[in-house]
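Report on the following structure.
Every number in this text was worked out from the coordinates using simple rules, so none of it is lab data. Quantities reported herein were computed from a predicted structural model and do not represent experimental measurements. With ideal geometry, Cβ positions are generated from the backbone for all residues, glycine too; neighbour counts draw on all protein chains shown.
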Amino acid sequence: MNEQFIKDLSSGINGFLTHLEPMKAVEGLTPSTARKKPSDKYHSCWDLLHHTVYWQDILLKNLDGKFIDWMTLGNEDNWPSNEKLSKDEYFLELVKKFKKNLEITANKLENIDLMEKIKIGPEHTPDVTNFRLILVFLQHTSYHLGQIVTTRKLLGDWKEE
């Protein structure tokens with residue numbers, strides 16, 4: 001049964017039977033376009049990708065058994081600073097990091113006990129299984145990829161297949 005879970009989760013990481021393969025959401029996205037917002041009510045694609053990668057990093061640390069007090073995480077880290085937004089190379093590195101995080105997560109599936117409960121935060125934080133952390137990774141990533149695609153559509157930067 002664990003083997004089927006791993007296969008299904010791995011296919012989810014790669015976008016099988018979901019809206020799209022994750023890297024397609026950022027394919028062809030330039031730093032200049034990634035900075036743009038359709039209006040002040042929206043985040044930019046860059047904002048959304050930064051936020052996604054930030055939380056992927058935290059979840060990957062949790063999967064490595066590292067304790068993180070989520071309550072101490074600052075909102076300023078959750079979104080890119082103006083300094084980062086001004087540097088094209090940061091966006092290009094962010095795209096690479098996003099791809100790497102997907103690969104790391106897929107590899108972790110082969111080496112973890114999905115049903116093992118782990119402590120991820122302070123005493124009031126319930127223990128969770130590795131399976132739950134992988135689901136959070138997938139759900140959070142998928143949600144924000146949808147936002148990135150929608151933002152690109154609103155900016156006229158999305159080609160339908």
Seminar exercise, completed: Given pairs Lys61/Lys99; Lys7/Lys153; Lys66/Lys96; Lys61/Lys108; Lys37/Lys87 and cut-off 20 Å on Cα-Cα distance, the over-length ones are Lys7/Lys153; Lys66/Lys96
Exercise. Pick from Gly121, Gly146, Gly74: which residue has the top mean-square fluctuation in a GNM of the chain where Cα pairs under 10 Å get a spring?
Worked result: Gly74
Problem set entry | Whole-number D in µm²/s for region 43-154 (Stokes-Einstein; Kirkwood sum over Cα pairs; 37 °C, 0.692 mPa s) | 219
Exercise. Using a Gaussian network model of the chain with C-alpha springs under 10 Å, which one of Glu27, Glu83, Glu103 is most mobile by mean-square fluctuation?
Worked result: Glu83
For this session: Please identify every one of the chymotrypsin sites (Phe, Trp or Tyr not before Pro) in region 41-150 that sits in a loop by DSSP and has no more than 13 other beta carbons within 10 Å of its own beta carbon.
Result: Phe67
Seminar exercise, completed: Simple SL model, points at 7 angstrom along Cα→Cβ for Ile104 and Ile68; separation in nm is 0.9
Exercise. Please identify the trypsin sites (Lys or Arg not before Pro) of region 77-147 that satisfy two criteria: DSSP loop assignment and at most 16 other Cβ atoms within 10 Å. Which are they?
Worked result: Lys87, Lys119
For this session: Mind checking which aspartates and glutamates have their Cα closer than 13 Å to the Cα of Lys100? Skip sequence neighbours fewer than 8 apart in that chain.
Result: Asp57
For this session: Report the full-extension gain for the segment Ser32 to Thr150: residue separation times 0.36 nm, less the Cα-Cα distance, to one decimal in nm.
Result: 40.8 nm
For this session: Report, ordered by chain and residue number, the aspartates and glutamates lying within cross-link reach of Lys159, taken as a straight Cα distance under 19 Å and ignoring same-chain residues fewer than 8 apart.
Result: Glu21, Glu27
Seminar exercise, completed: Of Pro126, Pro31, Pro22, the most mobile residue in a GNM of the chain (C-alpha springs, cutoff 10 Å) is Pro126
